[in-house]
């Protein structure tokens with residue numbers, strides 16, 4: 001009888017060791033995934049920083065002024081005067097000038113139906 005109990009205990013210890021090893025292996029695999037994701041995040045952050053630096057170089061006012069002077073005839077850009085600013089009523093397409101929208105009886109809401117706690 002003692003040998004049977006010993007064999008069962010040895011088998012349980014071997015099973016516990018196998019389960020522990022499997023958990024450790026899975027945890028290390030997940031840790032590798034986390035490290036890979038962190039490396040990707042660092043790469044993306046570095047790329048964003050590089051793009052911001054590039055944008056600040058490209059968007060410098062002196063550089064833009066030089067480009068405007070070089071391509072002035074092709075671009076046809078002029079300095080904006082104060083009298084060029086218009087009010088909304090001076091814009092060509094006003095909402096009031098648009099034709100009225102056609103209404104469809106099927107699309108109109110049913111005024112007899114009350115839903116939820118909304119009073120009509």
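Every read-out reported here was derived from the displayed coordinates using simple, explicitly stated rules and does not represent laboratory data. Quantities reported herein were computed from a predicted structural model and do not represent experimental measurements. Every residue, glycine among them, receives a Cβ derived from its backbone with ideal geometry; neighbour counts consider all protein chains shown.
Shape analysis of the range 1-43 yields a ratio of the Cα radius of gyration to the Kirkwood radius, Rg/Rh, of 1.46. Given R0 = 41 Å, the distance between the Cβ atoms of residue 45 and residue 77 translates into a calculated FRET efficiency of 0.65.
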